[in-house]
1. Restricting the range 164-220 to residues that are assigned to a loop (DSSP other than H, G, I, E, B) and among the polar types (S, T, N, Q), which is farthest from Val135 (Cα to Cα)?
2. So how many residues does the range 248-283 have that are among the charged types (D, E, K, R) and in contact with a helix residue (DSSP H, G or I) (Cβ under 7 Å, 6 or more places away or on another chain)?
3. Kindly indicate whether any position in the range 152-171 is of a type in the set (Ser, Thr, Tyr), modelled with pLDDT of 90 or more and within 18 Å of Pro243 (Cβ to Cβ).
4. Pairs please, first residue from the range 74-93 and more than 17 Å from Ile35 (Cβ to Cβ), second anywhere and of a type in the set (Phe, Trp, Tyr) and at pLDDT below 80, Cβ atoms under 9 Å, 6+ apart in sequence or on different chains.
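The values are calculated or read from the model by the stated rules, or taken from the named source; none is laboratory data. As the structure is a computational prediction, the values presented were derived from the model and not from experiment. Neighbour counts run over all protein chains shown; Cβ positions are idealised from the backbone, glycine included.
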Amino acid sequence: MRLSIKYIFLLLLAAFFTACTKQQSRGGAGILVKIGEDALTVNELRKNIPDGVTGTDSIRIARAFIRSWIDTRLMADFAAESIGDMTEINRLTEQYRNQLIAQEYRRKIIMAEASKSFSFDSLKPFYDENSKLFVARQPLVRGIYVKVPVDAPNLQTIKKLYKSKRIQDIDRLEKECLDASIIYDYFEDRWVELEQVETRIPIDFSEAPDAILSKKNDFESEANGFVYLFHVSDYVPTGNVMPFEAATEQIMQELIFRRQTELDRQMRRELLLEASQKGKVEIFCDLDS
């Protein structure tokens, strides 16, 4: 009977934990190592073994983590005895702990509120007022992409149709491309970044994509038994303001970021006001300047 990799991994890991378990009677159930009041448990160890790690690699990582856990605590204990006065370190530790607690709370509250979707109607007014924020990082194109076997009987017909602007020719092109061996992508009704098309055709635009697109809008190339056809009906140069339809995702991200910032500012103001009213905080300097 053949054993799967996953099954072998589970057996090896079980063997490792079993070997560790034999030593646990002195420390307590589930405890792998104990140093003073600190204890490393099986559950904590499992959380620190990356997903997807299998076989002996998992055992190696487990042993390395345990050794690192031991070394860190022994070194900290030794250093604490050598340093003596821990007042400043304890102060910094408490300060860092408070920062982490506050940051995590703020993150949860803000994400819960700020992640709520904006209505599509609210995106356009924001874009109209802030369009200069949304600049194309690379050329944006609209057009048609076709990949046809070189021996396709309708190749010449497709070559004529894919450049046409007539609706009836595009309808016919779609019918000509129904063959399973032909890849057809119509995106004249939406903007895409050039690299999304460039990765699918044996044509290199990397040297000067804007210069190439400004002079030519039909591209044909042949490689590996296929003919690649790319027609550009419209394009936006790098550095130009993106059309609204192409910028909607970035607009949403910008609105969410601004909402997060405002929620965070508002929450900190309200907490400070409440604490001041309750006498929990006294401020003897000007914070508004």
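1. Residues of the range 164-220 assigned to a loop (DSSP other than H, G, I, E, B): 164-166, 177-182, 187-191, 199-208, 216-217.
Within this subset, residues satisfying the condition of being among the polar types (S, T, N, Q) are 164, 181, 199, 206, 217.
Working: Ser164: 30, Ser181: 37, Thr199: 22, Ser206: 19, Asn217: 22 Å.
For the range 164-220, the residue satisfying everything is Ser181.
2. Pass one, the range 248-283, residues among the charged types (D, E, K, R): 249, 254, 258-259, 262, 264-265, 268-270, 274, 278, 280, 282.
Pick out the ones that are also in contact with a helix residue (DSSP H, G or I) (Cβ under 7 Å, 6 or more places away or on another chain) and you get 254, 259, 264.
Residues that pass the stated criteria total 3.
3. The initial filter retains those residues of the range 152-171 that are of a type in the set (Ser, Thr, Tyr), namely 157, 162, 164.
Subset that is modelled with pLDDT of 90 or more: 157, 162, 164.
Those still in the list that are within 18 Å of Pro243 (Cβ to Cβ) too: none.
No, the conditions are met nowhere in the range 152-171.
4. none
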